[in-house]
Amino acid sequence: MRFSRAFIPTKKESPADAEIPSHKLLIRAGFIRKVASGLYDILPLGALVIRKIERIIREEMDRAGAQEVILPIMHPAELWLESGRWDVYGKEMIKFKDRHERDYSLAPTAEEVITDLVRKEIRSYKDLPLNLYQIGRKFRDEIRPRFGLMRAREFIMKDAYSFHATDEDAEREYWNMYETYSRIFRRMGLEFKAVEADTGEIGGKFSHEFMVIADTGEGKLVYCEKCGYAASTEKAEQPKPSVPENREELFKPVEKVHTPNVKRIEEVSEFLGIPPENILKLLVYIVDGQPVAVAVRGDREVEETKLKQVFRGKEVRLATDEEIERFTGQPKGFLSPIGLKIPVYADYSVIPMVNFVAGAGEKDYHLKNVNWGRDFEVKEFIDVAEVRGGDPCPKCGAPLVEKRGIEVGHIFKLGTKYSEAMGALFVDENGQEKPMIMGCYGIGVTRVMAAAVEQNHDENGIIWPVEIAPFEVIVIPVNVKNDEIREVAEKIYEELKEAGFDVLIDDRNARPGFKFKDADLIGIPYQIIVGKGVKDGLVELKERKTGERQEIAIGRVLEVLKSLVSKN
Ligand code: ATP
Ligand code: MG
């Protein structure tokens, strides 16, 4: 490709709404343009990256035994009514009518359509298992589209769905996909972690998110360097502490203290000179309409996804101020577990607490030396606090490492949720009719592109991993007016192209500094700079990532690049 002919509109400035590096750089380097909120044009450079990402995904999915299909993105309402998701999916799903006044949606995901296909065609266990995938557009009317391609309204997803006769076979395929995803992201040259993830209302333990490690990631994860445990903080578990022996012997009498206007944990801590670790935080939630109190150690936060898992299948939300006062008869900010009329669930972090501070149940007062068991009843100890870096690994006890990450893929064992609701049945070996066991496996193709930039960039621009770079090499003649320089550059360009490299030549009649800036911004991994050295038979090779330059003989360019690109 010739830069002079290419549609690569680079820019000096990034748009005002771009908050994170990938969004800024993909716009500045001419990979994407915004059409409207959450809607983007993908320009030629972007399309080259997307095709490479898709190619790796296709090769690995095919290798894993999955088969590609192409499903419509316009879905009839009937299928979504059958699964029960037409109303549940909510405002994220865009809905519209056709000319006959029939309801449709634009696909946010495709469980219904694929289940409909399979239920009509598959009858026997002999035709199972089956894993079908597609790479196509998805539409989600996100409440807050942002960060460019990261959270768009229209995006490209690879979605796969598998169908099985037995649970064991569904689990075998789950791990097959786990391995496949690991290979996919490894081949893309990304630093990632597969983490245990929340399974929502379906439950069970078969859900992993693949997270690209990046400081700007919306997700948080913890992992153990010793035993390999890794989980999203929406899922990460705490080891259950044991109840301190003879704790009763330590108990002191409850003492009421005046704490005027002191409400928040930090304020109480400062006022009383007691660390947050020894103050009880008490929150009120409404679970399917019923109030419950949730206690957690003062320096900890309740992770709502974990709380929802405890009360799975029920609607869980924080109580409003009005509800708190109505259900507890106590003022917010001074809630006491003692004499509380609603059940108290306590996080594991409360188990070792002795003689702690809690609200007194009346305005401007707290209690010291409160003890669970003696002063109030804990209905159940539950694991709902958010796990953090430094906390003990639930599997081996070693301290966990905390990182931020971008969810680029998700694998999930669905079980029979859709097959039961939609009657996707098969006949087993004994002639019995049963619902198929399903799994689903997604990769955010466009999000991968953004995540790759988020992880790999510097102040000068993008640094593509070579496997998904739009071009592997850029040849930069510093002055196209100089015949010798131009001819050598053209020769190298042809030679590399001939050898199968994805190569761009910056044949524009522009200053060298201008070309170097663009090359760095676009992020092509290797730059061949053709300048004055040609007189001595030399060109310069610059590696984008390290900035390292080396002079090489013109005749060795191909050989050197072959060793570099295959090496990666
Ligand atoms: P998130 O929690 O980020 O909203 P999700 O759980 O809704 O993601 P899935 O339904 O599992 O996502 O979709 C599969 C993949 O599609 C995700 O792992 C992610 O990479 C990608 N994806 C989801 N929503 C978007 C979006 N709005 N823009 C770009 N990619 C997305
Ligand atoms: Mg989502």
| remark: Per the filter on the range 118-130, residues buried (at least 17 other Cβ atoms within 10 Å of the Cβ) and assigned to a helix (DSSP H, G or I) are 118, 119, 125
| query | Can you find a residue in the range 525-538 that is β-branched (Val, Ile, Thr), surrounded by 16 or more Cβ atoms within 10 Å (Cβ to Cβ) and touching a residue at least 60 places away in the same chain (Cβ under 8 Å)? | reply | no
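Test of understanding: among 444, 533, 513, which residue is within 16 Å of ligand 2 (Cβ to nearest atom) and modelled with pLDDT of 95 or more?
Result: 444 is the single residue among 444, 533, 513 that is within 16 Å of ligand 2 (Cβ to nearest atom) and modelled with pLDDT of 95 or more.
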| query | Do you know which residues across the range 90-122 are within 16 Å of ligand 1 (Cβ to nearest atom), out of contact with any Lys or Arg (no Cβ under 9 Å at 6 or more places or on another chain) and under 16 Å from residue 139 (Cα atoms)? | reply | 90, 91, 113
| query | Restricting to the range 505-519, what's the tally of residues that are out of contact with any Leu (no Cβ under 9 Å at 6 or more places or on another chain) and within 17 Å of residue 464 (Cβ to Cβ)? | reply | 4
| message | With over 23 Å from residue 40 (Cβ atoms), of a type in the set (Ser, Thr, Tyr) and in contact with a helix residue (DSSP H, G or I) (Cβ under 9 Å, 6 or more places away or on another chain) as the only criterion, which of 133, 125 stands out? | response | 133
| task | Just one of (1) part of a strand (DSSP E or B); (2) within 16 Å of ligand 2 (Cβ to nearest atom) trips up residue 144, so point out which. | result | (1)
| Residue among 71, 79 that alone is in contact (Cβ under 8 Å) with a residue 12 or more places away in the chain and assigned to a helix (DSSP H, G or I) | 79
| query | Which of the residues that make up the range 131-158 are among the aliphatic types (A, V, I, L, M), in contact with a Phe, Trp or Tyr (Cβ under 8 Å, 6 or more places away or on another chain) and surrounded by 20 or more Cβ atoms within 10 Å (Cβ to Cβ)? | reply | 149, 152
| query | How many residues are free of Cβ contacts under 8 Å to residues at least 12 places away in the same chain and closer than 29 Å to residue 507 by Cβ when one looks only at the range 6-23? | reply | 0
| Hits in the range 337-365 - residues which are hydroxyl-bearing (Ser, Thr, Tyr) and farther than 13 Å from residue 279 by Cβ | 345, 348, 365
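The values are calculated or read from the model by the stated rules, or taken from the named source; none is laboratory data. Here the structure is a predicted model, which is why all the values come from computation and not from measurement. A quick note on method: Cβ atoms are made from the backbone with ideal geometry, for glycine too, and the neighbour counts reach across all protein chains shown.
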